[in-house]
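**Student:** First the structure, then my questions, so here it is.
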Amino acid sequence: MRFKIVFLVAVTFWVTFHPLIYPPDTRSFPGAGPVHGTTKAFLVDSASGLRADQGRRSSKTASMEADLTPGQTYASEVLAYLLQITLGMAGDPEYRQQWRTRGLNEPLDFQNIVSIMTETERNALDVMVLDPNILDLTTVLYHYDRGLSLYEGDYGVTSIYPASEFIAIRLFLLKKIHSGEKVRLSGLMAREDLLHNPAVPPTEQDLQAMNLTPGEVKFLQEVIQSKPHLFQYLKSPFLVKALYDAGAVVEDGVVKEKISQVGFHAYPGRHFQGSDRPNAIKICVLPSLTDEFIHGRSTDDPLSDDFEPTDFLLEMIRKLVREIEAATKKCMEKKLVFSEDSDVAIKRSQWETLWPRMARRYLGAYVVDHRPLVIYPENAAQSVQEICPQADFTVIILGRNVYKSIYFDRKADCYPAVNRIYLDIMDIKHSRTEEDVQAAACFISERIADRILAEQMRPE
């Protein structure tokens, strides 16, 4: 009660000493119609659209391997998460134990694995788990590298089944993990020519350097011969970290260096709309594990990462930000402005004039729209700190149904335990995010109130 009165008094002073510096806004936000109850105050600053800074950032990071396309580089990051699931380290707990052991009794024979995965009389479930939760995650993966799908090149097939080569690598890793042995990745990476040539047998020195048997080397040679660019995937910092976390590789100098390169420092969120004042409440919107980026187009821009967000993704980001702004206004009205137990009143007409000015001054949005990310609960805190350290609240937009492949501890991974939420992009489209958006908005409205009070009570 006392806080509400103090807040309203502060607002009165704020109105008096902060005259309207913005002209009445008559422009609508580009690309989508208004959301009911949403003012345009928070939207006016970004009428130029989301693509303004796209292609201007240097995104050729240390994790970018010369022989992988930008799409494949991102696919390696998605693949690292899929590998964690298929080794029983992540994903739905119901399937983890099955993933930890499925296929262990199969011989390390690549042609046998190809037969299991492709011949109708064989059963692919001998070497993998029919985990329906990964279907949409694999769809994202294949969008950026169709060669990782069992049905490579068949654009009409949506399948849970990865390429035989991925299943083979998984089986190899599973056997090494269960035997307690670890691959020396530095030795393996130094012998690229050997691994690309099945006709060349390894020397005893080669075997010791990689900590592999002759049979394991032959197996890897056949896998890499079948899909040569898989060797470049093994250089991915994200995949190396997944291998290390699984206990499959020795922590040598190469592994340490690769792990130090993991992260999204090179992809900072940019100011999108609203206030860019240092004390504004900042919302960061991050696209994760999504196929809503076009890639593979030729470009002459050396700083471009060759990604372009789809119009649908841009529309959903705009819609989400408008809904958060509208919900913040509504929550502030209910809890602070037109509360039944408050003796201090503001006329509705005054509030409708006041709110646009408050939103422009105290509410700002930041986005990453130049490249997709891979963010899930286990790496979310670090990733947000790298991408948008200034964020007061973060919204992670996941690709359609990808959330099924992620295990969320509701008591630890989402608001109110932490200042972030995960939303399915299709839930945004169909307006099924009201509960999450409302919770975020009430948090934001309280932060805005705190900032206004702090400013008005600060001694001059």
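The values are calculated or read from the model by the stated rules, or taken from the named source; none is laboratory data. Every value quoted in this text rests on a predicted model; they were computed, and no experiment measured them. Virtual Cβ from ideal backbone geometry, glycine too; neighbours counted across all protein chains shown.
**Student:** Kindly indicate the residue of the stretch 166-211 that is within 26 Å of residue 129 (Cβ to Cβ) and in a loop (DSSP other than H, G, I, E, B) and also nearest to the chain's Cα centre (by Cα) among those meeting that condition.
**Tutor:** 182
**Student:** Does residue 274 count as on the phi > 0 side of the Ramachandran plot, touching a Leu at 6+ places or on another chain (Cβ under 7 Å) and at pLDDT below 95?
**Tutor:** Spelling it out, residue 274 is indeed on the phi > 0 side of the Ramachandran plot, touching a Leu at 6+ places or on another chain (Cβ under 7 Å) and at pLDDT below 95.
**Student:** Whether any residue in the stretch 407-417 is under 27 Å from residue 263 (Cα atoms) and touching a Gly at 6+ places or on another chain (Cβ under 8 Å) is what I want to check.
**Tutor:** Looking through the stretch 407-417, at least one residue is under 27 Å from residue 263 (Cα atoms) and touching a Gly at 6+ places or on another chain (Cβ under 8 Å).
**Student:** Further question on the same structure: Hey, could you check the stretch 406-460 for residues that are part of a loop (DSSP other than H, G, I, E, B) and of a type in the set (Ser, Thr, Tyr) and say which is farthest from residue 91 (Cα to Cα)?
**Tutor:** Once the filter is applied, the top-ranked residue is 431.
**Student:** Separate question: Which of the residues that make up the stretch 75-129 are out of contact with any Phe, Trp or Tyr (no Cβ under 9 Å at 6 or more places or on another chain) and part of a loop (DSSP other than H, G, I, E, B)?
**Tutor:** 102, 103, 104, 105, 106, 107, 119, 120, 121, 122, 123, 127
**Student:** Continuing with the same structure: Test of understanding: among 175, 218, which residue is farther than 30 Å from residue 288 by Cα and touching a residue at least 40 places away in the same chain (Cβ under 8 Å)?
**Tutor:** 175
**Student:** Here is a further query. From the residues in the stretch 431-460 that are acidic (Asp, Glu) and surrounded by 16 or more Cβ atoms within 10 Å (Cβ to Cβ), which one is farthest from residue 318 (Cα to Cα)?
**Tutor:** Restricting to residues being acidic (Asp, Glu) and surrounded by 16 or more Cβ atoms within 10 Å (Cβ to Cβ), the top hit is 455.
**Student:** Ok, one more. Please indicate, with yes or no, whether at least one residue in the stretch 376-388 is more than 17 Å from residue 328 (Cβ to Cβ), in contact with a helix residue (DSSP H, G or I) (Cβ under 9 Å, 6 or more places away or on another chain) and touching a residue at least 24 places away in the same chain (Cβ under 8 Å).
**Tutor:** Yes; the residues of the stretch 376-388 include at least one that is more than 17 Å from residue 328 (Cβ to Cβ), in contact with a helix residue (DSSP H, G or I) (Cβ under 9 Å, 6 or more places away or on another chain) and touching a residue at least 24 places away in the same chain (Cβ under 8 Å).
Results for (1) in contact (Cβ under 8 Å) with a residue 24 or more places away in the chain; (2) of a type in the set (Phe, Trp, Tyr); (3) touching a helix residue (DSSP H, G or I) at 6+ places or on another chain (Cβ under 6 Å), shown as yes or no for each residue.
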| residue | (1), (2), (3) |
| --- | --- |
| 74 | yes, yes, yes |
| 81 | yes, yes, no |
| 95 | yes, yes, no |
| 105 | no, no, no |
| 115 | no, no, no |
| 130 | yes, no, no |
| 133 | yes, no, yes |
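**Student:** Residue check: is residue 428 buried (at least 19 other Cβ atoms within 10 Å of the Cβ), in contact (Cβ under 8 Å) with a residue 12 or more places away in the chain and touching a Phe, Trp or Tyr at 6+ places or on another chain (Cβ under 8 Å)?
**Tutor:** Judged against the criteria, residue 428 is not a match.
**Student:** Considering each residue of the stretch 245-283, count those that are assigned to a strand (DSSP E or B) and in contact with a Pro (Cβ under 9 Å, 6 or more places away or on another chain), and give that number.
**Tutor:** Total satisfying the criteria: 0.
**Student:** Shifting gears a bit: So in the stretch 296-352, with the set limited to residues that are hydroxyl-bearing (Ser, Thr, Tyr) and surrounded by fewer than 22 Cβ atoms within 10 Å (Cβ to Cβ), which one is modelled with the lowest pLDDT?
**Tutor:** Across the stretch 296-352, the extreme among qualifying residues is 304.
**Student:** Could you look through the stretch 395-405, keep only residues that are of a type outside the set (D, E, K, R) and part of a loop (DSSP other than H, G, I, E, B), and pick out the one that is surrounded by the most Cβ atoms within 10 Å (Cβ to Cβ)?
**Tutor:** Only one residue fits best here, namely 399.
**Student:** Going by the structure shown, is residue 220 surrounded by 20 or more Cβ atoms within 10 Å (Cβ to Cβ) and more than 27 Å from residue 379 (Cβ to Cβ)?
**Tutor:** The answer is yes for residue 220.
**Student:** Condition check: at pLDDT below 95, crowded, with 16+ Cβ neighbours inside 10 Å and either at positive phi or among the β-branched types (Val, Ile, Thr) (or both). Does residue 118 satisfy that?
**Tutor:** Considered against the rule, which asks whether it is at pLDDT below 95, crowded, with 16+ Cβ neighbours inside 10 Å and either at positive phi or among the β-branched types (Val, Ile, Thr) (or both), residue 118 comes out as no.
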